[in-house]
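Note sheet for the following structure.
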Amino acid sequence: MRTYIRTAAILFLSLLLVYSCDIGTAIYSEKELEKMYGTTFYGNSKKLENGAVINRGMKLKLVLDNESDSRLPVLLELTVKDAENKIVSSLLFTLDGEEGSIKVASITEDLPAFSLPEDLPFGYYIISSVTKDKNGNKISSSSLNVLNYDQSFNTAVLTAYPGNTTAEQTSLFKLEGNFPAGLDPWLCWRINGIEQKSGFVSENSDKIIWQAPKNGGLHTVRVEIYPFMPPAQTEIPPFAKAELKIPVAIAASNKNKLDSKVWTMFNFDGNFIDTGSRPDKNNIKISGEPYIDTWPTGFGYVFGAEESLSSGSSILPPLGDNKKMPPFSVSLSIAKLQSPASQQDLTAKMSDILVINSDKGLLKIGIKNDIPYFSFADESPVYAKAAVASYSQISAFFNSNKLYFYIDNQAAGEGSLTPDFGSASFGAWTLSGRDGHKDIYDEFAVRLGAWPAFRLKEESRLGTALIAAYGFEGGQIDEGLILSGNIQASHELLSLEQGASLSMDAGPAFPLGFSVSLDLINGQASLELELNNGLKLVIGSNSVIKVGDKVFSNTAAGKTVKGHVSVKIETGNDGLIIKGFDEQTVYLPKEITIASGRITIANSDTEKLELGRLLLASLQGSSSLQKK
């Protein structure tokens, strides 16, 4: 006999009046009575465990075992509750066959099989049983969590953004899988076994933000997948799961560590906090519901349409004492949305990324046809000379009446600004929003002074091997250079008059080896280091390498080099190995060593020396220039 639990009308027990106490209740407590009964659920004759997957046609059976001296129940009620603990169906077994019940010969022996209602929706349910004695007192109860579902889906993949994690770095983990159409899985995230968050995929719970600890180590990220929301406060095995072992390096990440000149900085690492130095940065307004999305190597927030970030206070530095705007830079890192359905047609119109109000008109930075632009007031836009890629950092340096564009820290054109720009007083601003550029925003920064494009580019390329990099953007000379004599700086150019020099320190890299590279535009330069014998090592751009008065070069003197040149100095097994400006290699005796890491570049001629980008890097390892 198969019995279907009803859903059309839920059956309720009639009220049982208790006229006298039963002797059993006086001898045993309720918990002791519970232990006398063992309840087991079966599906198609197989024992069902907590979280078992069943379907509406499965034949279910309940077996109630009791000890010999326990009270015999006269009724058993089965109820089915959904994940929100609402009763969706019930069934009543009785010995006397009262109205609305199914009459059975014994509650503890051979109860008839039953099935879930045929129209019961897929989802998680709790099947509960309660037995009572003739006086209506509860004898035992039990429950089983089950999943009513008859489909399957492919294994989902857990991905980390970025792929490598360092101490204190913020990472995003994303679950990517092809779930059946119409299914909105419930996910539970755990890191090192501790639950972090849970929710539906449609509510963006397929992603989680995590900041790595200071001490590094190996950490486990796990997402448990449920086709539907499980009942609250229950332990149910997941339908599927995905897991990652994340090694965290102790070395801290260099990402976004510009310097103390950062006026505004939004990293968008799971929050909308401005970590810059500007004083009025707490009145940030979020419009719409920006959501996290990813590209192959990272993550950020999607802004555009109704999603925006704004403030009534200025994002730019204030006017100086001369009532002029000081030099500043704006940088925005943006990734294109991956979903074709999310892409917008930008071929016919300008799409603003950032809009800033002023008393002279609107300042706008945006993109048209993948080309960044800048406009102010009613002036014609200034366009960059290069296009953005699937992920790009767009930077603009504003200096008096000049604008310099950089894309991924490469020079991308320049333009002139109206004189009104330098005296404008800026105020409220909006990032993206209605009619704004819709994409994934990774970072938004404003820096006092020039944008250090060359240094940031070399940091990305060389990592820890970089010691110093100077691009002289906007004629800016960053900390670390010691100047001597008559030196003038202009945009990306340093001019040294006769007798002038600059010095920098290789630090702990000098015993192993280092390289110095620069753009030699005009004149003659010499690189000088102090030696242990009190003499000076001089490496000239005129192809002369000498120690004191002794010349070691093997190329005819007077061959002057220009353009992008470099010098390498390395400690080999048999002494110093020097590769000069003209790429000639000289080996110095083993008894000659470098006394300190102070490196001096001097004008070695009467003509003005003009230098461009200057780079100092560690060679980090054994010699690649060993004597053959």
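The values are calculated or read from the model by the stated rules, or taken from the named source; none is laboratory data. The model shown is predicted, which means the values in this text are computed figures rather than measured ones. Backbone-built Cβ (ideal geometry, glycine too); neighbour counts: all protein chains shown. Surface areas here come from the heavy atoms of the whole protein model, side chains and all, with no ligands, DNA or RNA. Shrake-Rupley method; radii C 1.70, N 1.55, O 1.52, S 1.80 Å.
A few remarks follow.
- Segment 312-338, residues that are under 21 Å from the mean Cα position of the chain (by Cα) and open to solvent by 50 Å² or more (accessible area, probe 1.4 Å): Lys336, Gln338
- The residues listed here are Leu309, Leu258; of these, the one that is of a type in the set (A, V, I, L, M, F, W, C), open to solvent by less than 60 Å² (accessible area, probe 1.4 Å) and at pLDDT 90 or above is Leu309.
- Candidate set from segment 460-508 (those that are surrounded by 19 or more Cβ atoms within 10 Å (Cβ to Cβ) and farther than 25 Å from Pro326 by Cα); member that is modelled with the lowest pLDDT: Ala506
- Within segment 530-547, the set of residues being in contact with a strand residue (DSSP E or B) (Cβ under 7 Å, 6 or more places away or on another chain), open to solvent by 40 Å² or more (accessible area, probe 1.4 Å) and closer than 17 Å to Asp605 by Cα comprises just one member, Lys546.
- Residues that are open to solvent by less than 40 Å² (accessible area, probe 1.4 Å) and either outside any strand (DSSP E or B) or farther than 26 Å from Ser152 by Cα (or both) within segment 169-190 comprise Gln169, Thr170, Ser171, Leu172, Gly177, Pro180, Leu183, Pro185, listed in sequence order.
- If you go through segment 216-240 and keep only what is exposed (fewer than 15 other Cβ atoms within 10 Å of the Cβ), hydroxyl-bearing (Ser, Thr, Tyr) and not in a loop (DSSP other than H, G, I, E, B), you end up with just Thr220.
- Hey, Ser395 in contact with a helix residue (DSSP H, G or I) (Cβ under 7 Å, 6 or more places away or on another chain) and within 15 Å of Leu363 (Cα to Cα) or not: yes
- Single residue of Asn204, Asn215 found to be farther than 30 Å from Ile250 by Cα and either charged (D, E, K, R) or out of contact with any Ser or Thr (no Cβ under 7 Å at 6 or more places or on another chain) (or both): Asn204
- Flag if Asn154 is more than 24 Å from Phe239 (Cβ to Cβ) and open to solvent by 10 Å² or more (accessible area, probe 1.4 Å): no
- Unique residue being without any contact (Cβ under 8 Å) to a residue 24 or more places away in the chain, among the aliphatic types (A, V, I, L, M) and open to solvent by 50 Å² or more (accessible area, probe 1.4 Å) when the list is Ile209, Ile250, Ile194: Ile194
- Filter pass, Ala445 being crowded, with 21+ Cβ neighbours inside 10 Å and closer than 13 Å to Leu316 by Cα: yes
- The residues listed here are Leu527, Leu512, Leu456; of these, the one that is open to solvent by 50 Å² or more (accessible area, probe 1.4 Å), among the hydrophobic types (A, V, I, L, M, F, W, C) and in contact (Cβ under 8 Å) with a residue 60 or more places away in the chain is Leu512.
- Scope segment 83-107; condition out of contact with any Lys or Arg (no Cβ under 8 Å at 6 or more places or on another chain), touching a residue at least 60 places away in the same chain (Cβ under 8 Å) and open to solvent by less than 40 Å² (accessible area, probe 1.4 Å); matching residues: Ala83, Leu92, Gly100, Ser101, Ile102
- Where Ile273 falls short, out of the listed (1) open to solvent by less than 40 Å² (accessible area, probe 1.4 Å); (2) modelled with pLDDT of 90 or more; (3) β-branched (Val, Ile, Thr): (1)
- Within segment 261-281, residues that are in a loop (DSSP other than H, G, I, E, B) have Cβ atoms under 7 Å from residues that are of a type in the set (Lys, Arg) in these pairs: Lys261/Arg447, counting only partners at least 6 apart in sequence or on another chain.
- Boolean, Ser143 is within 30 Å of Asp65 (Cβ to Cβ), among the small types (Gly, Ala, Ser) and surrounded by 16 or more Cβ atoms within 10 Å (Cβ to Cβ): yes
- Within segment 488-541, strands (runs of 3 or more DSSP E) holding 1 or more residues that are polar (S, T, N, Q): 493-496, 501-505, 513-522, 525-530
- Test: residue in segment 540-558 that is touching an Asp or Glu at 6+ places or on another chain (Cβ under 7 Å), free of Cβ contacts under 8 Å to residues at least 40 places away in the same chain and of a type in the set (Lys, Arg): no
- Residue in segment 345-363 that is without any contact (Cβ under 8 Å) to a residue 60 or more places away in the chain and in a strand (DSSP E or B) present: no
- Applying the condition of being of a type in the set (Gly, Ala, Ser) and in a strand (DSSP E or B) to segment 402-428 and asking which residue is surrounded by the most Cβ atoms within 10 Å (Cβ to Cβ) yields Ala412.
- Among the residues here, Ile126 qualifies as touching a Ser or Thr at 6+ places or on another chain (Cβ under 8 Å), at pLDDT 90 or above, in a strand (DSSP E or B) and of a type in the set (Val, Ile, Thr).
- Residue within segment 369-379 that is in contact (Cβ under 8 Å) with a residue 60 or more places away in the chain and open to solvent by less than 50 Å² (accessible area, probe 1.4 Å) present: no
- Residue list for segment 64-82, restricted to those being part of a strand (DSSP E or B), surrounded by 14 or more Cβ atoms within 10 Å (Cβ to Cβ) and at pLDDT below 90: Leu64, Asn66
- Some residue of segment 408-420 being touching a Lys or Arg at 6+ places or on another chain (Cβ under 6 Å), over 26 Å from Gly304 (Cβ atoms) and among the hydrophobic types (A, V, I, L, M, F, W, C): no
- Near pairs, Cβ below 7 angstrom, 6+ apart or cross-chain, from segment 319-330 (under 17 Å from Gly475 (Cα atoms)) to any residue that is assigned to a loop (DSSP other than H, G, I, E, B) and open to solvent by 40 Å² or more (accessible area, probe 1.4 Å): Met325/Leu319
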